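Following: one structure in structure tokens, then a few remarks.
The values are calculated or read from the model by the stated rules, or taken from the named source; none is laboratory data. Given the structure is predicted, the values throughout are model-derived calculations rather than measurements. Cβ placement follows ideal geometry from the backbone for every residue including glycine, while neighbour counts extend to all protein chains displayed. With ligands, DNA and RNA removed, areas are computed over all heavy atoms of the protein, side chains included. Shrake-Rupley method; radii C 1.70, N 1.55, O 1.52, S 1.80 Å.
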Amino acid sequence: MLSENTIQIIKSTVPVLEQHGLTITKCFYKKLFTNHPELLNVFNHANQQQERQQMALAQAVLASAKHIDQLAAIVPVVKQIAHKHRSLGVKKEHYPIVGKHLLEAIQEVLGDAATDDIIQAWAEAYGVIADIFISTETEMYDQAAHQSGGWEDFRAFVVARKQEESDKITSFYLEPQDGGALASFEPGQYVSVKVDMPNEAHTHIRQYSLSDSPRKAYYRITVKREDAVQDRPAGKVSVYLHEQVKEGDVLYLSAPAGDFTLQSEDQRPHVWISAGVGVTPMISMLKAHSEQANGQPAIFIHAAEHGAAHAFQDEVAAWSKDEAQAKTYICYSEPTEEDKHKQLYQHEGRIDAEWLQSILPTTDAKFYVCGSAPFMETVVNTLRSLGAQESDIHSEYFGPKGSLKL
Ligand SMILES: Cc1cc2nc3c(=O)[nH]c(=O)nc-3n(C[C@H](O)[C@H](O)[C@H](O)COP(=O)(O)OP(=O)(O)OC[C@H]3O[C@@H](n4cnc5c(N)ncnc54)[C@H](O)[C@@H]3O)c2cc1C
Ligand code: HEM
């Protein structure tokens, strides 16, 4: 338990964190990687270079400071982060290391303003917050390892099949190399894939949503190739998976994780809204939903550039035949003449508030949103402005969620 005095000191640092949070977390990561270069095998370097992880950590530290006297309020956020930590293999012995460098970074950035009282209060508060993460993650490790077909850390999977889904998107069907049972998962969850590429100094871990029904003897992940554009280098892992990994090769996966899941007990309409490769968790949810459809509307809204980039057209068509009240709306930003001729889409441009309002029968529904940062920000804010309840909007972002302006 933190004393009233400690709580007041932490709260008094909120304005400073609002102003200097990002500088502190940037300083923190520099110190962390200088003293613990082995952690470069776990952290995503692209997120570091684009400062997305620094923003997400600053956001989490700020939220903890604001809610230090009612930490229950941040439990959902802790769970979302803890799922990511568990899937990456973050362990309880890492917490003192992070705590030490975070405190040093606070001290360095705030200089004389970081009095002994402030540092002492943050040391205590970090201990309490770290304990919440550690106990949440311990439970998650236990569940991942002891569920039927579960395992600890990373398990070898053979690429049984590689299947092109669009010009840039390819699916990988993965079967456990040991031939053992395979843990089920909640539709919408992801796995972390660890790769050790030739000529790379570190291993790289990336998350990929599971894109098929949980009732299969394999896991399917579906990956977009991130090509180089202008000043952005090519994506390391996605390009490696597309270009180097062949059927028969082995990938290392941690057990399924994530809190973006189908709320199947909710009897109201369900609405899935995705863009580009953000379709992957939706496909898993659609398949599971049709198995228990209750006659309520089930609406799938998807944005792609054009027909050639649009993955899973056949699987969505099969879903909408299976489910009585299914409706599909497709939006292309750059349709070709052929797309127009084949009438592959209903809306040209981007998903916007006006179009969403015109096709949604109600906002008293469960919403699932997944796509790029600007897409998520537009769609989530539009749903809010149309009156959807916060607790009905479920979202997945293919990067550190705290870096989004939601
Ligand atoms: C929960 C979750 C689920 C996900 N599910 C999927 C999925 O189902 N399918 C899928 O395809 N992806 C998914 N992702 C994204 C995936 O994990 C990877 O982030 C993605 O494949 C890119 O990884 P990469 O190694 O190819 O690119 P990285 O090397 O990580 O680079 C990522 C991007 O950053 C840019 N970049 C890198 N360095 C710099 C720099 N210095 N300056 C500017 N730009 C830079 C690259 O050009 C690239 O566009 C998911 C992510 C999360 C968190
Ligand atoms: C109380 C302490 C901690 C807090 C508040 C915290 C916060 C966060 C946040 C907000 C994210 C982003 C989650 C997302 O992707 O949406 C994250 C990711 C991550 N955290 Fe932590 N974390 C803590 C401790 C640790 C520790 C001890 C480690 C181990 C070294 C660690 C390693 C990581 C890694 C590797 C990622 C993924 C980074 C990426 O993909 O770029 N964290 N953490």
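If you take just the strands (runs of 3 or more DSSP E) that sit entirely in region 325-406, which of them hold at least 3 residues that are at pLDDT 95 or above and closer than 30 Å to Ile205 by Cβ?
366-371, 393-397
What number goes with the only condition from (1) in contact with a Ser or Thr (Cβ under 6 Å, 6 or more places away or on another chain); (2) closer than 30 Å to Gln292 by Cβ; (3) touching a residue at least 60 places away in the same chain (Cβ under 8 Å) that Phe172 does not pass?
The one condition Phe172 does not meet is (1).
If you take just the strands (runs of 3 or more DSSP E) that sit entirely in region 128-245, which of them hold at least 2 residues that are farther than 30 Å from His94 by Cα?
Those strands (runs of 3 or more DSSP E) span 155-164, 169-176, 219-224.
Open to solvent by less than 20 Å² (accessible area, probe 1.4 Å) and more than 30 Å from Pro37 (Cβ to Cβ), is that true of Pro214?
Criteria not met by Pro214.
Exactly one of (1) open to solvent by 10 Å² or more (accessible area, probe 1.4 Å); (2) of a type outside the set (S, T, N, Q); (3) farther than 20 Å from Phe367 by Cα; (4) touching a residue at least 12 places away in the same chain (Cβ under 8 Å) is unmet by Asp314. Its number?
Condition not satisfied by Asp314: (4).
Is one or more of the residues making up region 46-55 within 9 Å of ligand 2 (Cβ to nearest atom) and under 26 Å from Ser3 (Cβ atoms)?
no
Looking at Thr261, Thr280 in this structure, which one is closer than 17 Å to Tyr173 by Cβ and either surrounded by fewer than 22 Cβ atoms within 10 Å (Cβ to Cβ) or under 15 Å from the mean Cα position of the chain (by Cα) (or both)?
Thr280
Yes/no per residue for (1) in contact with a Cys (Cβ under 6 Å, 6 or more places away or on another chain); (2) open to solvent by 10 Å² or more (accessible area, probe 1.4 Å); (3) not hydrophobic (A, V, I, L, M, F, W, C):
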position	(1), (2), (3)
Ser192	no, no, yes
Asp227	no, yes, yes
Val239	no, yes, no
Val245	no, no, no
Asp249	no, yes, yes
Ala255	no, no, no
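Return the residues of region 122-165 that are closer than 19 Å to Arg220 by Cβ, of a type in the set (Gly, Ala, Ser), in contact (Cβ under 8 Å) with a residue 60 or more places away in the chain and out of contact with any strand residue (DSSP E or B) (no Cβ under 8 Å at 6 or more places or on another chain); say none if nothing qualifies.
Gly150
When only residues in region 212-253 that are among the acidic types (Asp, Glu), free of Cβ contacts under 8 Å to residues at least 24 places away in the same chain and more than 16 Å from ligand 2 (Cβ to nearest atom) count, which is farthest from Val159 (Cα to Cα)?
Within region 212-253, the first condition is being among the acidic types (Asp, Glu), and the residues that meet it are 212, 226-227, 231, 243, 247, 249.
Imposing the further condition that a residue be free of Cβ contacts under 8 Å to residues at least 24 places away in the same chain reduces the set to 226, 231, 243.
Now restrict to residues that are more than 16 Å from ligand 2 (Cβ to nearest atom): 231, 243.
Values: Asp231: 32, Glu243: 14 Å.
Per the stated criteria, the residue is Asp231.
Only residues in region 78-92 that are among the acidic types (Asp, Glu) count as the first member; pair them with residues that are away from ligand 1 (no atom under 12 Å from the Cβ), Cβ under 7 angstrom, at least 6 apart or cross-chain, and list the lot.
So the pair list comes out empty.
On the given criteria, is Val109 aliphatic (A, V, I, L, M) and surrounded by fewer than 18 Cβ atoms within 10 Å (Cβ to Cβ)?
No; evaluated as a whole, the condition is false for this residue.
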